[in-house]
Amino acid sequence: MMMAMNGVKKIPDTFYISHGSPTLSIDETMPARHFLQSFQQKVYPKDAPRPSSILVISGHWETFYPTVNAVDGTSETIYDFYNFPKSMYQLKYPAPGAPKLAKRVKELLTSSGFDRVDEDKKRGLDHGAWVPLMLMYPEADIPVCQLSVQTDKDAAYHYNIGKALAPLKDEGVLIVGSGATTHNLRMLRNTTSVQPWAQEFDTWLKEALIDGRYEDVNSYKEKAPHASVAHPWPDHFYPLHVAMGAGGPTSKAELMHHSWGLSSLSYASYKFTVPA
């Protein structure tokens, strides 16, 4: 097991989770739900330590400047979805906040040239954070901090955010980007066949990541087929770039799970590992 000089156990990997539909929180038929439920047993490295805290970059929090939630106490569960089954609004994920991690994130970003980083001391966890976490770590006993995305910026900007945050791995922090590999809500269909544009974008992304062509992924709008259809708005894609950047330029990407929902919603999820 890798140890930092101060005795803290290192976290060797960063992750990008496609959380897809909020119904992931209750629908036992969804393969992605089963994948996340197996995270601690099958996905997370067996020799890795339990995280000291978790940083989630969620596609459901957009701000003009990078912002962290610095909650002192239990995080509120935010129900930022509408017209779903009532049982979903009764779910809770009472994880403790992580104000120390929020401060550390702010320090790393400002020292890396991000001129302004804000704190929000009241905002809880949106469903891009609590839905996957309630499946991955149902005990809700690990402090959680969220970091926002800036949709007026580009992918490379978010990759550089990830690079700045890479030292957190040496401090026992699990970094998780949460979004969707394809995300066009107007193109969802209640069929089992996958729409060709979604398949082609998803396949391009998988090949680019596994081949280590991170610059192409940063330039996906110019390089990827059907980029503007797969992501008409980049909020759910930029968390991937943060996780990829935090993994490091020499990291190896591994596809950890793949399934589809509603004909065009990819649940592809990736791990970024630096070779020993």
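Only the coordinates and a few stated rules stand behind these numbers; no lab work does. These figures come from a predicted structure and were not determined experimentally. A quick note on method: Cβ atoms are made from the backbone with ideal geometry, for glycine too, and the neighbour counts reach across all protein chains shown.
For a quick check, take a GNM of the chain with Cα springs below 10 Å and name the residue from TYR89, TYR157, TYR44 with the largest mean-square fluctuation.
Evaluated over the chain, the most mobile residue of the options is TYR89.
Wrap a convex hull around the Cα atoms of the chain, take a quarter of its surface area, and give that in square nanometres.
One quarter of the hull surface, i.e. the mean projection, equals 13.6 nm².
Using a cut-off of under 12 Å, list every residue of the stretch 54-79 whose amide N is near the label point 7 Å from the Cα of LYS153 along the Cα-to-beta-carbon line.
Flagged as within label range: 63-68.
What does the highest-first list of 255-265, 125-135 look like by mean Cβ count within 10 Å?
Peptide ranking by packing, descending: 125-135, 255-265.
Assuming R0 = 35 Å, can you tell me the calculated FRET efficiency for the pair GLN90 and GLU254, based on Cβ-Cβ distance, to the nearest 0.05?
0.50
Once you've got the Cα coordinates, tell me which of LYS103/LYS271; LYS10/LYS223; LYS122/LYS163; LYS86/LYS252 are over 31 Å apart.
Pairs exceeding the cut-off: LYS10/LYS223; LYS86/LYS252.
Could you check what % of the DSSP bridge pairs in the chain are antiparallel, to the nearest 5?
Just about 40 percent of them are antiparallel.
Just going by the charge dipole of the stretch 13-273, with Lys and Arg at +1 and Asp and Glu at -1 on Cβ, which of THR29, ASN190, ALA180 is farthest out on the positive end?
Of THR29, ASN190, ALA180, it is THR29.
Under 20 Å between alpha carbons, and skipping anything fewer than 8 positions from LYS221 in its own chain: which aspartates and glutamates qualify?
Those aspartates and glutamates meeting the cut-off are GLU62, ASP152, ASP154, GLU200, ASP202, GLU207, ASP211, ASP235.
Read phi for every residue in the stretch 219-234 and hand back ³J(HN,Hα) as whole Hz from Karplus 6.51 cos²θ - 1.76 cosθ + 1.60, θ = phi - 60°, with x for Gly and Pro.
Calculated HN-Hα couplings, in order: 9, 4, 5, 8, 9, 8, x, 6, 4, 6, 7, 5, 9, x, 9, x Hz.
Positive end of the dipole of the chain, charges at C-beta (+1 Lys, Arg; -1 Asp, Glu), about the Cα centre: which of TYR44, ALA70, ILE57 has its Cα farthest in that direction?
The Cα lying farthest towards the positive end belongs to TYR44.
Arranged by the count of other C-beta atoms within 10 angstrom, fewest first, what order do SER269, SER53, SER148 take?
By the 10 Å Cβ count, ascending: SER53, SER148, SER269.
In debye, nearest 20, what is the charge dipole magnitude of the stretch 13-273 about its Cα centre with +1 on Lys and Arg Cβ and -1 on Asp and Glu Cβ, if you could check?
Value, rounded to 20: 260 debye.
Please work out the FRET efficiency for the pair SER193 and ASP72, using the Cβ-Cβ distance as r and a Förster radius of 51 Å; give the result to the nearest 0.05.
It comes to 0.55.
Sort THR63, THR192 by Cβ crowding within 10 Å, fewest neighbours at the top.
Least to most surrounded, the residues fall as THR192, THR63.
Using the count of nearby Cβ atoms within 10 Å as a rough guide to exposure, how do GLU76, GLU139 rank from fewest to most?
Result, fewest neighbours first: GLU139, GLU76.
Multiply the residue gap between ALA276 and HIS34 by 0.36 nm, knock off their C-alpha separation, and tell me the result in nm, one decimal place.
Result for the pair: 84.2 nm of gain on full extension.
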